[in-house]
Amino acid sequence: MIVVYGKPNSVQNADVSTDIGWTACLKLCYESTPCILAWQHGTSCFRFNYTASGPVTQETNGSVVAFKVNNPSKTCPTGKNPPTFNNKNATGSLYITDLNADNKATWVKYEIYLVGNTWNFAYSYNKSCSDGFGSVIRSDGSIACFRQWKTNDAEGFTYDLALSLCQNESASLAGINYKEDLNHITSKEFLELKKKRKFVLAKIQELRYQVPSSDTYARVDGIRTFACELDPNNSACRGVGGFTWTDTTVKNMTNYNWITNSSAQELPDDDCIVLVANGSQAIKADVRSCVNDSPLQAYIVFCVKPAWTGE
């Protein structure tokens, strides 16, 4: 944090805390990932996130502000007009993983530049997922980009149609690699919004009431190999090796919650993995027809692709 004489031109959209000192105010901004500017006015601490920061007027005494900037050196820089030392633009970067607004983990890079006696901000954004896809952040910090499709066509999606939808978006049908992937698709979630918990429906629960029947299948990745179509109960066919995957990151089936197990084949052509939403029952995985010859129709599709691909 670089502390200088200055005053924000506007406090609109700032986060405000009262009855705290300047040191505590600085600490709050420094420890808050999206905060890039702090200003103390009386006993009120104004903190400006990257979405709310506007011009700051340079002053020679009195009011002070603090800019959050990158400093690759271990020592505090020196020069005129800090944080734009010797009129060189200051830079900063934020890794935003709060998915409430844009539903994408994002790198925000910004520059602070001085024009006359006014500091201004310029921003660039590197989103983890392209338009139409949302981020799912896993327990190990990795990110996958998910997208879902729904149809009002009474015949629903075949496996081939579902696959082509995903491939047209440079994606694959979604495999379930992590518990977070499963929760995103099937489980009820909560988001923390300024210390208030907001209930969020899982994607299947949200979409199933927007299609011809709320009892439906969702197409995900996994189609049986030819050999395992003939003998699905063979031990070699019960694991990932028993299926062909377009999502090549699938390494095991630990996070699949099966109605029975991965060898299920009620009808001879039941060879494609689906997720089943049926009544009030928990959403579970099953192996059903790759076309539309099943008790339910597949009205939902889930696609996935790696983050940071820029496509």
Query raised in the report: Quick one: Val115 ticks every box in (1) more than 16 Å from Cys303 (Cβ to Cβ); (2) touching a residue at least 24 places away in the same chain (Cβ under 8 Å) bar one, so which box is it?
Result: (2)
Report task. Name every residue in the stretch 100-113 that is surrounded by 18 or more Cβ atoms within 10 Å (Cβ to Cβ) and outside any loop (DSSP other than H, G, I, E, B), in order of residue number. Result -> Thr106, Val108, Tyr110, Ile112
Query raised in the report: Among the residues of the stretch 1-22, which ones are farther than 16 Å from Val56 by Cβ and out of contact with any strand residue (DSSP E or B) (no Cβ under 7 Å at 6 or more places or on another chain)?
Result: Asp19, Gly21
Query raised in the report: Residues in the stretch 90-99: is at least one crowded, with 16+ Cβ neighbours inside 10 Å and among the aromatic types (Phe, Trp, Tyr)?
Result: no
Query raised in the report: Regarding Val287, is this residue in the same structural domain as Phe243 (by TED's automatic domain parsing) and either under 17 Å from Ile176 (Cα atoms) or among the polar types (S, T, N, Q) (or both)?
Result: yes
Query raised in the report: Which one is surrounded by the most Cβ atoms within 10 Å (Cβ to Cβ) among residues in the stretch 210-242 that are among the aliphatic types (A, V, I, L, M) and touching a residue at least 24 places away in the same chain (Cβ under 8 Å)?
Result: Ala218
Query raised in the report: Which one of these does Val274 not meet: (1) surrounded by 14 or more Cβ atoms within 10 Å (Cβ to Cβ); (2) within 30 Å of the chain's Cα centre (by Cα); (3) without any contact (Cβ under 8 Å) to a residue 24 or more places away in the chain?
Result: (3)
Report task. Please find, among Ala298, Ala307, the residue that is small (Gly, Ala, Ser) and at pLDDT 95 or above. Result -> Ala298
**Report entry** Those residues of the stretch 158-185 which are more than 22 Å from Asn292 (Cα to Cα), aliphatic (A, V, I, L, M) and assigned to a loop (DSSP other than H, G, I, E, B), in sequence order
**Finding:** Ala171, Ile176
Query raised in the report: Quick one: how many residues across the stretch 52-75 are without any contact (Cβ under 8 Å) to a residue 60 or more places away in the chain and more than 28 Å from Trp107 (Cβ to Cβ)?
Result: 5
Query raised in the report: Is it the case that Thr75 is under 17 Å from Pro55 (Cβ atoms) and of a type in the set (Ser, Thr, Tyr)?
Result: no
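In the stretch 41-55, which residues are in a strand (DSSP E or B) and surrounded by 15 or more Cβ atoms within 10 Å (Cβ to Cβ)?
The answer is Ser44, Cys45, Phe46, Arg47, Phe48, Asn49.
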Query raised in the report: Mind checking which residues of the stretch 123-133 are within 11 Å of Thr106 (Cα to Cα) and not polar (S, T, N, Q)?
Result: Tyr125, Lys127, Cys129
Report task. Please go through the stretch 1-51 and pick out each residue that is without any contact (Cβ under 8 Å) to a residue 12 or more places away in the chain and within 25 Å of the chain's Cα centre (by Cα). Result -> Glu31
Query raised in the report: Would you call Val69 under 31 Å from the mean Cα position of the chain (by Cα) and either in a strand (DSSP E or B) or among the hydroxyl-bearing types (Ser, Thr, Tyr) (or both)?
Result: no
Query raised in the report: Any idea which residue in the stretch 251-271 is nearest to the chain's Cα centre (by Cα), counting only those that are assigned to a loop (DSSP other than H, G, I, E, B) and closer than 20 Å to Ala162 by Cα?
Result: Tyr256
Query raised in the report: Which one is modelled with the highest pLDDT, of the residues in the stretch 56-86 that are of a type in the set (Lys, Arg) and surrounded by fewer than 16 Cβ atoms within 10 Å (Cβ to Cβ)?
Result: Lys80
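On the given criteria, is Tyr123 in contact (Cβ under 8 Å) with a residue 60 or more places away in the chain, farther than 26 Å from Tyr256 by Cβ, assigned to a strand (DSSP E or B) and of a type in the set (Ser, Thr, Tyr)?
Against the criterion (in contact (Cβ under 8 Å) with a residue 60 or more places away in the chain, farther than 26 Å from Tyr256 by Cβ, assigned to a strand (DSSP E or B) and of a type in the set (Ser, Thr, Tyr)), Tyr123 qualifies.
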Query raised in the report: Looking at this structure, is Cys166 over 13 Å from Cys303 (Cα atoms) and at pLDDT 95 or above?
Result: no
Report task. Can you tell me which residue among Cys35, Cys45, Cys25 is in contact with a helix residue (DSSP H, G or I) (Cβ under 7 Å, 6 or more places away or on another chain) and either acidic (Asp, Glu) or farther than 24 Å from Ala105 by Cα (or both)? Result -> Cys45
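The values are calculated or read from the model by the stated rules, or taken from the named source; none is laboratory data. These numbers were taken from a predicted model, which means no experiment stands behind them. Glycine also receives a Cβ, built like all others from the backbone with ideal geometry; neighbour counts cover every protein chain displayed.
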